[in-house]
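Student: Mind looking over this structure? Questions follow.
What follows is calculated from the coordinates using simple rules that are stated; it is not laboratory data. The structure displayed is predicted, hence computed values, not measured ones. Here the Cβ is made from the backbone with ideal geometry for all residues, glycine too, and neighbour counts use every protein chain on show.
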Amino acid sequence: MDRFRMIFQYFQSNSESVMNGICGLLALASVKMYTSFDFNCPCLPKYNMAYGLGIMFLPPMALFLCGLILNRQSLVMLEEWKRPTGGRKKDLAIIRYMCSSIMQRAMIAPVIWIIVTLLDGKCLVCAFSGSIDPEKFVGFANVTPTQTQLLLAKVPCKDDELMKNNPARKAISRYLKCWSQALGWSVLLILIVVAFLARSLRPCFNQAAFLQTRYWSNYIDIEQKIFDETCCEHARDFAHKCILHFFESMQQEIKLRRFNAPREEADGEEDHLRGITDQEQMNELLKSWYYSKPPLDTNRCLKGALSHWEGTKMHLP
Amino acid sequence: MDKFRMIFQFLQSNQESFMNGICGIMALASAQMYSAFDFNCPCLPSYNLAYGMGILFVPPLVLFLLGFVMNNNVSVLAEEWKRPTGMRQKDPAVLRYMFCSMAQRAMIAPAVWISVTLLDGKCFMCAFSTSVPVEKLGNGSYTGLSEKEMRRILARIPCKEIYNGQELVAREVAVRYLRCISQALGWTFVLLMTMLAFLVRALRPCFTQAAFLKSKYWSHYIDIERKLFDETCTEHAKTFAKVCIQQFFEAMNTDMDLGHTHSPEATPSEVGEEKEKLLGITDQGTMNKLLKSWHKCKPPLCLHQEVLQNGNGWVEENQHRNHISLPKREIVTYYSKV
């Protein structure tokens with residue numbers, strides 16, 4: 001359990017690590033899913049190709065969508081894309097960076113599924129056994145074309161009565177498997193070469209802009225998290241005070257009036273309410289957070305912020 | 001669990017240790033991949049060689065490149081190579097050291113794959129079954145077979161179930177022959193690799209050891225500097241976000257029509273503390289300039305110099321290029337009070 005906690009803590013240390021962890025889990029899940037899936041070729045002329053290609057391409061699409069859904073950053077990116085400009089300009093480079101990073105991570109599990117499928121070979125043998133040229137293999141002489149198609153479709157099924165003792169079955173199966181594995185390794189090689197080139201050639205293109213984009217996209221992520229935490233703290237205090245208020249008002253009506261005067265805080269108690277003390281105010285604050293995010297400048301004086309906020313308030317629906 | 005944590009921490013301590021860990025894992029993964037891989041010789045004359053050689057060489061290439069991709073130092077190396085010189089000179093020896101160290105680590109998993117493949121023998125057997133010397137091993141005088149037909153029969157040697165050339169060459173004989181050669185090659189390869197590694201390690205101190213120590217130090221330095229810069233940027237972003245959000249809440253508060261504030265603002269010392277953590281970088285424009293300047297003009301490797309430039313000003317190169325302090329000459333005169 002200690003080991004798990006340590007690994008868990010390591011991955012939680014920042015959101016990129018979390019995403020890498022989820023990515024790795026999805027990849028392992030993808031391999032496990034494939035090995036436990038009971039592949040069952042229909043061995044019928046028209047169904048083979050549909051089944052084989054379906055098994056090869058549909059689960060990767062599901063895994064890709066899973067990868068997008070599980071990534072918290074996709075929500076952050078969509079929000080950043082769709083928000084009104086308000087006091088803070090939008091930088092398309094940041095959105096592009098976040099998008100590409102999300103896509104890269106989401107593509108790992110589907111690619112692993114496809115490669116494992118190709119290296120295993122069953123899918124391709126099932127899908128393309130009907131498309132090979134029977135002249136290349138011994139055992140199909142004196143057979144009508146329709147009969148040939150039927151026999152070819154039965155190649156993936158080892159225990160089928162018609163093809164069990166046909167010497168050509170193993171040869172065809174082996175031939176297709178060989179092509180499937182060659183394709184699998186080629187795809188893997190191409191992807192690794194692309195990844196290698198992308199990694200090593202990145203600094204040759206506009207490195208300074210890249211550093212900026214990476215910093216600000218990280219910033220947006222952190223800001224969202226801290227805002228959520230601040231709102232949580234605020235909600236907790238709000239609820240606490242609300243309930244206290246309710247209890248006290250039940251006891252004595254006079255005490256109600258005391259709430260209008262500024263209250264002294266208990267020593268050492270941090271006030272998380274920060275002056276926002278009723279539903280209207282909280283709603284305004286949340287609306288304003290979406291419609292008009294504050295500019296990225298902590299030096300601006302509050303007066304300036306005040307006039308700016310009033311200005312944008314006029315545009316709020 | 002304590003032991004596990006210790007190992008984990010040790011491996012994380014710097015990029016090189018981390019890469020050693022990854023290297024080991026990849027070597028094990030390489031052996032595991034080979035045993036999990038379903039080798040499937042096509043047993044057809046022209047396909048055998050391509051398949052066999054492909055399985056022997058393509059996965060090692062993939063593993064080699066993967067070793068580079070997984071190594072963070074690749075981007076560090078490329079960045080160091082491509083950055084403008086700015087105030088810090090570039091040392092090609094450091095770049096060479098980084099590249100060599102990365103390449104050495106990346107070569108381990110491919111070497112493991114090739115050794116395991118050759119020692120196992122299936123690949124070699126598949127690739128070269130058509131080149132078996134029939135006269136030596138079998139019935140060379142078996143006539144009535146065209147060249148093509150003979151190749152077709154020999155190509156089926158790796159496939160037990162369909163081999164039909166027992167009269168030409170006994171299958172077990174051919175298999176044993178091919179496996180023997182394959183294993184001999186495998187052991188030779190292992191011996192060569194080990195000898196090479198030994199020579200590199202043992203003879204290193206004979207060649208420019210001082211320069212080597214220098215390169216090793218500065219390459220570690222570059223790696224650590226990049227990591228610390230990233231950590232500092234993350235800390236800065238966190239503080240920036242906190243202050244920004246605090247000010248946002250305060251702005252909402254001051255605009256409220258209540259006329260008096262309920263909130264005691266965060267104590268001035270707290271706000272001051274947070275703002276200090278910002279290290280003076282308090283808006284988007286300045287941060288962008290900082291990041292651009294980090295790439296275009298890295299600071300010189302000299303801590304005790306008076307920093308004359310302001311912000312991102314460009315200091316003349318010749319002033320800092322070779323900061324050889326001229327030795328001060330002290331002249332002592334003795335007075336005689338005689």
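Student: Peptide A:191-201: average number of partner chain Cβ atoms within 10 Å per residue?
Tutor: Details: counts 3, 8, 4, 2, 5, 7, 2, 2, 9, 7, 3.
That works out to 5 on average.
Student: Tell me, A:Lys136, B:Lys296 in order of fewest to most beta-carbon neighbours within 10 Å?
Tutor: Listed from fewest to most nearby Cβ atoms, that is A:Lys136, B:Lys296.
Student: Taking other Cβ within 10 Å of each residue's Cβ, how do A:Trp185, A:Trp81, B:Trp113, A:Trp216 sort, fewest first? Numbers along the way, then the final one.
Tutor: Values: A:Trp185 20, A:Trp81 13, B:Trp113 27, A:Trp216 23.
So the residues, fewest neighbours to most, are A:Trp81, A:Trp185, A:Trp216, B:Trp113.
Student: So, one more: Rank the residues A:Val138, B:Val62, B:Val169, A:Val76 as a footprinting-exposure proxy: fewest other Cβ atoms within 10 Å of their Cβ go first. Provide the component values of the computation, followed by the final result.
Tutor: On the way: A:Val138 11, B:Val62 22, B:Val169 26, A:Val76 19.
Result, fewest neighbours first: A:Val138, A:Val76, B:Val62, B:Val169.
Student: For region A:132-204, calculate the relative contact order in percent as a whole number, restricting contacts to Cα pairs under 8 Å that are 6 or more residues apart.
Tutor: Values: 24 pairs, mean separation 17.4, N = 73.
Computed over region A:132-204, the figure is 24 percent.
Student: With a Förster radius of 51 Å, plug the Cβ-Cβ distance of B:Phe207 and A:Asn283 into 1/(1 + (r/R0)^6) and report the FRET value to the nearest 0.05. Could the numbers behind the result be given before it?
Tutor: Details: r = 73 Å, r/R0 = 1.43.
FRET efficiency, B:Phe207 to A:Asn283: 0.10.
Student: Further, regarding this structure: Quickly work out the B:Ser17-to-A:Leu75 label distance, labels modelled 7 Å from Cα along the C-beta direction, and quote it in nm with one decimal.
Tutor: Spacing of the two 7 Å Cα→Cβ label points: 3.7 nm.
Student: Positive end of the dipole of region A:45-107, charges at C-beta (+1 Lys, Arg; -1 Asp, Glu), about the Cα centre: which of A:Asn48, A:Met61, A:Met98 has its Cα farthest in that direction?
Tutor: The Cα lying farthest towards the positive end belongs to A:Met98.
Student: Follow-up question, since we're still on this one. Hey, rough spin-label estimate for A:Val143 and B:Thr254, points 7 angstrom out along Cα→Cβ, what's it come to in nanometres?
Tutor: 8.7
Student: Count the net charge of all other residues whose Cβ sits under 13 Å from the Cβ of B:Lys214, scoring Lys and Arg as +1 and Asp and Glu as -1. Display every interim value, and only then the final one.
Tutor: Details: positive: B:Arg96, B:Lys216; negative: B:Asp91.
Overall, the nearby charge balance is +1.
Student: Can I ask one more? Between B:Glu273 and B:Ala197, what is 0.36 nm times their sequence separation minus the Cα-Cα distance? Round to one decimal in nm.
Tutor: Details: separation 76, 0.36 × 76 = 27.36 nm, distance 5.38 nm.
In short, 22.0 nm is gained.
Student: For a quick check of your reading of the filter: which trypsin sites (Lys or Arg not before Pro) in region A:159-244 sit in a DSSP loop and have no more than 13 other Cβ atoms within 10 Å? Show your work: numbers first, answer last.
Tutor: Working: sites: A:Lys164, A:Arg169, A:Lys170, A:Arg174, A:Lys177, A:Arg199, A:Arg214, A:Lys225, A:Arg236, A:Lys241; in loops: A:Lys164.
Qualifying residues, ordered by number: A:Lys164.
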